[in-house]
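This is the structure I want to talk about, given as structure tokens.
The values are calculated or read from the model by the stated rules, or taken from the named source; none is laboratory data. It should be emphasised that the depicted structure is a prediction, and the values quoted were computed from it without experimental measurement. Here the Cβ is made from the backbone with ideal geometry for all residues, glycine too, and neighbour counts use every protein chain on show.
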Amino acid sequence: MKILITGGAGFIGSHVVRLFVTKYPAYQILNLDALTYAGNLENLRDIENAANYKFVKGDIADQAFIDQLFANEEPDAVIHLAAESHVDRSITDPMAFVKTNVIGTVNLLNAAKNLWKPKGFEGHTFYHVSTDEVYGSLDFGPEMFTEETSYDPRSPYSASKAASDHFVRAWYHTYGLPVKLSNCSNNYGPNHFPEKLIPLAIHRLRTGQKVPVYGKGENVRDWLFVKDHATAIDAVFHKGKLGDTYNIGA
């Protein structure tokens, strides 16, 4: 099996790439990443020379590039993690999030459909990795999001991810594309980009700076260890039901 993993040089993606490369030596893992500020090949230095690993630099928003990549490499499956993911950045530059998260996802969906449909969809999987932020926010208390929670995005970032989720499901229902989805909570762990809350707080504490408090300090988040998330992605990819969505939390 040849698996295209998008965003594989990023925080979560690099852990997924490493897990698949080391756990499944019979798989060919193709890592596609644009190497923006959040992508770093140093995250994968330990497996860069593995026989079943290949890196390709490119932008999922470039339709011609994606079509050519699929034609040349003919992946059997896609695990789609490439995304703009920082809420504050989405407020100042929402179009960058539309370009990557929405248009980029549709480019991948079309490329997969065009490659796989002529020979039949059996044996193929398009796995879209998303966020729990598409559900909005909860009041403090015992209530939790479920896979049946209505979408209620509150930022340009979460709106763009909600849109991409809808497009993935539309390709499943309209074209029969074999898809799976998962929505995860906030990740933390090794190689976390320093703009995110936990590494930002740790860095500021270590250097004697003030730690930012959002709102009145009453917000609560679920924090998921990134290696646990990678393990869950492995489980959904291999055992999840086509067309289904799986919430992944700590």
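Provide a single number: the residues in segment 111-146 that are modelled with pLDDT of 95 or more, in a loop (DSSP other than H, G, I, E, B) and surrounded by 12 or more Cβ atoms within 10 Å (Cβ to Cβ).
2
Which of the residues that make up segment 188-241 are surrounded by 16 or more Cβ atoms within 10 Å (Cβ to Cβ), among the aromatic types (Phe, Trp, Tyr) and modelled with pLDDT under 95?
The answer is Tyr188, and nothing else.
Matching residues to (1) among the basic types (Lys, Arg); (2) under 15 Å from Phe193 (Cα atoms); (3) out of contact with any strand residue (DSSP E or B) (no Cβ under 6 Å at 6 or more places or on another chain):
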{"position": "Gly10", "(1), (2), (3)": "no, yes, yes"}
{"position": "His15", "(1), (2), (3)": "no, yes, yes"}
{"position": "Tyr53", "(1), (2), (3)": "no, no, no"}
{"position": "Val56", "(1), (2), (3)": "no, no, no"}
{"position": "Asp62", "(1), (2), (3)": "no, no, yes"}
{"position": "Asp67", "(1), (2), (3)": "no, no, yes"}
{"position": "Ala77", "(1), (2), (3)": "no, no, no"}
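Right, next: Scanning segment 168-187 for residues that are surrounded by fewer than 20 Cβ atoms within 10 Å (Cβ to Cβ) and within 17 Å of the chain's Cα centre (by Cα), which turns out nearest to Ile233 (Cα to Cα)?
The qualifying residue nearest to Ile233 (Cα to Cα) is Ser185.
Let me ask something else about it. Among the residues of segment 147-180, what is the count of those that are of a type in the set (Val, Ile, Thr) and either free of Cβ contacts under 8 Å to residues at least 12 places away in the same chain or in a helix (DSSP H, G or I) (or both)? I'd like the intermediate steps shown before the answer.
Of segment 147-180, the ones of a type in the set (Val, Ile, Thr) are 149, 168, 174, 179.
Still in the running and either free of Cβ contacts under 8 Å to residues at least 12 places away in the same chain or in a helix (DSSP H, G or I) (or both): 168, 174.
Residues in segment 147-180 being of a type in the set (Val, Ile, Thr) and either free of Cβ contacts under 8 Å to residues at least 12 places away in the same chain or in a helix (DSSP H, G or I) (or both): 2 in total.
In addition: Restricting attention to segment 25-33, does a residue exist that is at pLDDT 95 or above, surrounded by fewer than 17 Cβ atoms within 10 Å (Cβ to Cβ) and among the hydroxyl-bearing types (Ser, Thr, Tyr)?
As a first pass, look at segment 25-33 and keep what is at pLDDT 95 or above: 25-33.
After this cut, where a residue has to be surrounded by fewer than 17 Cβ atoms within 10 Å (Cβ to Cβ) as well, the list is 25-27.
From what is left, the residues that are among the hydroxyl-bearing types (Ser, Thr, Tyr) are 27.
Within segment 25-33, one or more residues are at pLDDT 95 or above, surrounded by fewer than 17 Cβ atoms within 10 Å (Cβ to Cβ) and among the hydroxyl-bearing types (Ser, Thr, Tyr).
Could I ask something else about it? Please determine, by comparing only the residues of segment 88-110 that are hydrophobic (A, V, I, L, M, F, W, C) and closer than 19 Å to Leu242 by Cβ, which one is surrounded by the most Cβ atoms within 10 Å (Cβ to Cβ). Spell out how you get there, then give the answer.
Step one: list which residues in segment 88-110 are hydrophobic (A, V, I, L, M, F, W, C), which gives 91, 95-98, 102-103, 106, 108-109.
Next cut, closer than 19 Å to Leu242 by Cβ only: 108-109.
Details: Leu108: 27, Leu109: 23.
In this case the residue turns out to be Leu108.
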